[in-house]
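J.: Before anything else, here's the structure in question.
The values are calculated or read from the model by the stated rules, or taken from the named source; none is laboratory data. What you see is a predicted model, and the numbers here were worked out from it, not measured in a lab. A quick note on method: Cβ atoms are made from the backbone with ideal geometry, for glycine too, and the neighbour counts reach across all protein chains shown. Please note that ligands, DNA and RNA were not included when accessible areas were found on the heavy atoms of the full protein model with its side chains. Shrake-Rupley method; radii C 1.70, N 1.55, O 1.52, S 1.80 Å.
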Amino acid sequence: ELITFLLGVMIGMWVCYMWLTPTSSHTRLPEPGLTTQGINITLTTTGYYCPAGGRSQQCDIGVDDGRTATNRFVARGICAADWHIFPPGTLFDVGAYGTCIVEDSGSKIVGMKLDLYMDSHKEARQWGVKTVNAQLLRWGR
C-alpha cells in the first residue's frame, strides 16, 4: 500500500508539473470551472456497483447509505477520482460509458484513475478494468 501511495503521489506530481508549468509543451489543464472543448486524456477505469441503501453481497465498494463523498446518491454518470488530480465537479466523456462527473473519491483511487458507477453488478464485472481515452470536458472546483 505504501508503494502504491508513493507511486500515486509521484504520478500526481509529474502530471501537475508537465501540465501546469508554463514551459511545458504538453496540454495544460483548464482553470477550475472552465468548460473546455475536450482535452484528450488516458485513464484507467474500473466499473463499480452497489445498490442504494447499503451493503450487500454484490457491493464492490463499502457504501453504507448509497451516497458519494459529496453526499449525492450513487447513479450512472457518477465517477470517483483522486481529488488531488480531478476535483469534484470535473466532467468527462468516457467513450462507451458516456459522460460522468466526479462526485466521489476512495483511498485506492490514486493517480490517473476513475471508478465508474454502473447500473448493475453484472455490468460492473463486465466492464472490469479498462484503459480508455477520455475527454476532460469541464474542470471541477
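J.: Reachable lysines from Lys122, Cα under 20 Å, same-chain residues fewer than 8 places away excluded?
T.: Lys130
J.: Oh, and also: What's the ranking of 104-110, 94-100 by average number of surrounding C-beta atoms within 10 Å, highest first?
T.: Packing proxy ranking, top to bottom: 104-110, 94-100.
J.: Keeping all protein chains in the complex and leaving out DNA, RNA and ligands, what accessible area do you get for Tyr49 with a 1.4 Å probe, in Å² to the nearest 10?
T.: 40
J.: At 0.36 nm per residue, and after removing the present C-alpha to C-alpha distance, how many nm does the segment from Asn133 to Phe73 gain when stretched out fully?
T.: 18.9 nm
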